[in-house]
Each structure stands twice: as C-alpha cells, then as structure tokens.
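Here the structure comes first, spelled out in structure tokens, and everything after it is commentary.
The values are calculated or read from the model by the stated rules, or taken from the named source; none is laboratory data. This structure is a prediction, so every number in the text was calculated from the model and none was measured. Cβ placement follows ideal geometry from the backbone for every residue including glycine, while neighbour counts extend to all protein chains displayed. Remember, those area values only see protein heavy atoms, side chains included, never the ligands or the DNA or RNA. Shrake-Rupley method; radii C 1.70, N 1.55, O 1.52, S 1.80 Å.
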Amino acid sequence: MFYVKATGPLELRERSGPLGWGLYGMELWDRGIGKVLNLDWQTVGAVPRIVTFKRGEWEQWLLMS
C-alpha cells in the first residue's frame, strides 16, 4: 500500500511543526502476521525511514516477485 498523508489544517501544522512521520508512506502486510514493513519519507527522492520491520517468510516472497 502506498499513500500520501493528508497535511491537515495550517494552524495545526504550525503548532505541531513539520510532519513527524513523513509525507509519503508505504506499508507491506502479511495476512498471518500483520504489518511487516512500514516506510516513510518527506519528499520525492528522499531516503526512506524504516518505521516497522518484522522478519519472516514474506521477505523471500518479495525477493522472488
């Protein structure tokens, strides 16, 4: 799943500062385990930050696809 986070109202952003979890995100889910990978990044071309990573069989499946 790829998504672009909603930025929210300007007055809320001014109080909370920059988006703490990044503007863009990607999640991979395994039906048996749940969320196994969660990445986020601020701008196009930026290096993503790993938020969640759980090892498992899904890694081999992803490499083969």
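Structural remarks
- Selected residue (criterion: modelled with the highest pLDDT) from residues of segment 1-15 that are open to solvent by less than 80 Å² (accessible area, probe 1.4 Å) and farther than 25 Å from S65 by Cβ: K5
- Residue count for segment 41-65 under the criterion of being among the aromatic types (F, W, Y) and under 13 Å from the mean Cα position of the chain (by Cα): the result is 2.
- Check on W58, of a type outside the set (S, T, N, Q), modelled with pLDDT under 80 and either out of contact with any Ser or Thr (no Cβ under 8 Å at 6 or more places or on another chain) or surrounded by 12 or more Cβ atoms within 10 Å (Cβ to Cβ) (or both): no
- Residue match in segment 33-52 (condition: of a type outside the set (D, E), open to solvent by less than 40 Å² (accessible area, probe 1.4 Å), assigned to a loop (DSSP other than H, G, I, E, B) and at pLDDT 85 or above): no
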